[in-house]
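Undergrad: Please find one structure pasted underneath; my questions will follow.
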Amino acid sequence: LNFHEYPDREALFLDLSNMLAGELRRALSEEDRATFSVPGGTTPGPVFDNLSGVGLDWGRVDVLLNDERWVPESSERSNTALVRGRLLTGRAAEARMIPLHREGAEPEEALDALAEAVEPALPIDVLLLGMGTDCHIASIFPGADRLDEALSARAPVLLPMRAPGVPEARITLSMRVLREAMSTHILITGAEKRAALEAARGADPAEKPVAAILNTAHVHWAE
Ligand code: 6PG
């Protein structure tokens, strides 16, 4: 397990931001465009704040969400709104966002059109993941309705997802697409998530989805 422990959250957010920026710069030195896929949720905000002030050729970066909650962009649960407000601002305002949501429709109706826009940006160059205490990543939850499909080696790019205890429908990149990323970082904080992650080593991804990606991921943690 590539486990990186930091003295505090501030150090974690700063070092991780620098690492991600360095990887994006490296990708841009080798390709015309680079794809940066990011989580929503409550943890990554400070990393987005740091990155939005970093100098790199953002105009050649495609920003993608790992998953989205099927809520309007005006909702405080919208991951799209989080990324627009905290990452695609300042210097990073030049980056192009690939949408993972469309107002009005159900995820099933929008899926094909959204996947069509994601496909040319694959594989992901730099992948940042969050994780829940149930070991879900993106919206690949244990107990979700389309979990098997999402974990399959032949999975489509995007799947709609509904799971017990999750208040809204989701749309998520499949595990196949996540696993094909050139570089993978998992950002977690607090003792509970650390214990959950350690318990996921060697586990069945159908029970603890993060297990599917642990052999290649770098885990970044602070209390
Ligand atoms: C989402 C995320 C999800 C998130 C985890 C952790 O839309 O909910 O992309 O996978 O990373 O749920 O969320 P927290 O950082 O809020 O604990």
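Undergrad: Scan region 6-44 for residues that are open to solvent by 20 Å² or more (accessible area, probe 1.4 Å), away from the ligand (no atom under 15 Å from the Cβ) and closer than 23 Å to Asp67 by Cα and report the count.
TA: Residues flagged as open to solvent by 20 Å² or more (accessible area, probe 1.4 Å), away from the ligand (no atom under 15 Å from the Cβ) and closer than 23 Å to Asp67 by Cα within region 6-44 amount to 3.
Undergrad: Counting only residues that are in a loop (DSSP other than H, G, I, E, B) and open to solvent by 50 Å² or more (accessible area, probe 1.4 Å), how many does region 129-171 have? So that I can check it myself, show each step before the final result.
TA: Our first condition is that a residue be in a loop (DSSP other than H, G, I, E, B); within region 129-171, this holds for 130-136, 138-139, 141-146, 152-157, 162-169.
From the residues that got through so far, the ones that are open to solvent by 50 Å² or more (accessible area, probe 1.4 Å) too are 133-134, 143, 145-146, 153-154, 156, 162, 164-165, 167.
Total meeting the criteria: 12.
Undergrad: Among the listed residues Val47, Val61, Val71, which satisfies the condition of being within 16 Å of the ligand (Cβ to nearest atom), modelled with pLDDT of 95 or more and buried (at least 21 other Cβ atoms within 10 Å of the Cβ)?
TA: Exactly one of Val47, Val61, Val71 is within 16 Å of the ligand (Cβ to nearest atom), modelled with pLDDT of 95 or more and buried (at least 21 other Cβ atoms within 10 Å of the Cβ), namely Val47.
Undergrad: Another question about this same structure. If you go through region 102-116 one residue at a time, how many are assigned to a helix (DSSP H, G or I) and open to solvent by less than 50 Å² (accessible area, probe 1.4 Å)?
TA: Here is the first cut: in region 102-116, the ones assigned to a helix (DSSP H, G or I) are 107-116.
Then drop every residue that is not open to solvent by less than 50 Å² (accessible area, probe 1.4 Å), which leaves 107, 110-111, 113-115.
Summing the residues that are assigned to a helix (DSSP H, G or I) and open to solvent by less than 50 Å² (accessible area, probe 1.4 Å) in region 102-116 gives 6.
Undergrad: Also: Could you tell me whether Glu116 is among the charged types (D, E, K, R), under 16 Å from Val38 (Cα atoms) and away from the ligand (no atom under 11 Å from the Cβ)? Don't jump to the end; show me each part of the working.
TA: Details: among the charged types (D, E, K, R): yes; under 16 Å from Val38 (Cα atoms): no; away from the ligand (no atom under 11 Å from the Cβ): yes.
When the stated conditions are applied, Glu116 does not pass them.
Undergrad: Sticking with this one: Look at region 160-198 and say how many of its residues are among the small types (Gly, Ala, Ser) and touching a residue at least 60 places away in the same chain (Cβ under 8 Å).
TA: Within region 160-198, the first condition is being among the small types (Gly, Ala, Ser), and the residues that meet it are 163, 165, 169, 174, 181, 183, 190-191, 195-196.
Subsequent filtering for residues that are touching a residue at least 60 places away in the same chain (Cβ under 8 Å) retains 169, 181, 183, 196.
The qualifying residues number 4.
Undergrad: Quick check: is even one residue across region 202-210 in contact with a strand residue (DSSP E or B) (Cβ under 6 Å, 6 or more places away or on another chain) and either surrounded by 15 or more Cβ atoms within 10 Å (Cβ to Cβ) or of a type in the set (Ser, Thr, Tyr) (or both)?
TA: At the first step, the residues of region 202-210 found to be in contact with a strand residue (DSSP E or B) (Cβ under 6 Å, 6 or more places away or on another chain) are 209-210.
Subset that is either surrounded by 15 or more Cβ atoms within 10 Å (Cβ to Cβ) or of a type in the set (Ser, Thr, Tyr) (or both): 209-210.
Yes - at least one qualifying residue is present in region 202-210.
Undergrad: Please identify the pairs in which a residue from region 126-139 that is acidic (Asp, Glu) has its Cβ atom under 6 Å from the Cβ atom of a residue that is more than 6 Å from the ligand (Cβ to nearest atom), counting only partners at least 6 apart or on another chain.
TA: Asp134/Pro142
Undergrad: Could you say which residue among Leu88, Leu56, Leu51, Leu64 is of a type outside the set (D, E, K, R), more than 17 Å from Asn18 (Cα to Cα) and touching a residue at least 24 places away in the same chain (Cβ under 8 Å)?
TA: Working: Leu88 fails: more than 17 Å from Asn18 (Cα to Cα); Leu56 fails: more than 17 Å from Asn18 (Cα to Cα); Leu51 fails: more than 17 Å from Asn18 (Cα to Cα).
After applying the criteria, what remains is Leu64.
Undergrad: Does any residue in region 203-223 that is β-branched (Val, Ile, Thr) come within less than 7 Å, Cβ to Cβ, of a residue that is part of a helix (DSSP H, G or I) six or more places away or on a different chain, and which pairs are these?
TA: Hits for this filter: Val210/Leu197; Val210/Ala200; Ile213/Leu178; Ile213/Arg179; Val219/Leu197.
The values are calculated or read from the model by the stated rules, or taken from the named source; none is laboratory data. Here the structure is a predicted model, which is why all the values come from computation and not from measurement. A quick note on method: Cβ atoms are made from the backbone with ideal geometry, for glycine too, and the neighbour counts reach across all protein chains shown. Remember, those area values only see protein heavy atoms, side chains included, never the ligands or the DNA or RNA. Shrake-Rupley method; radii C 1.70, N 1.55, O 1.52, S 1.80 Å.
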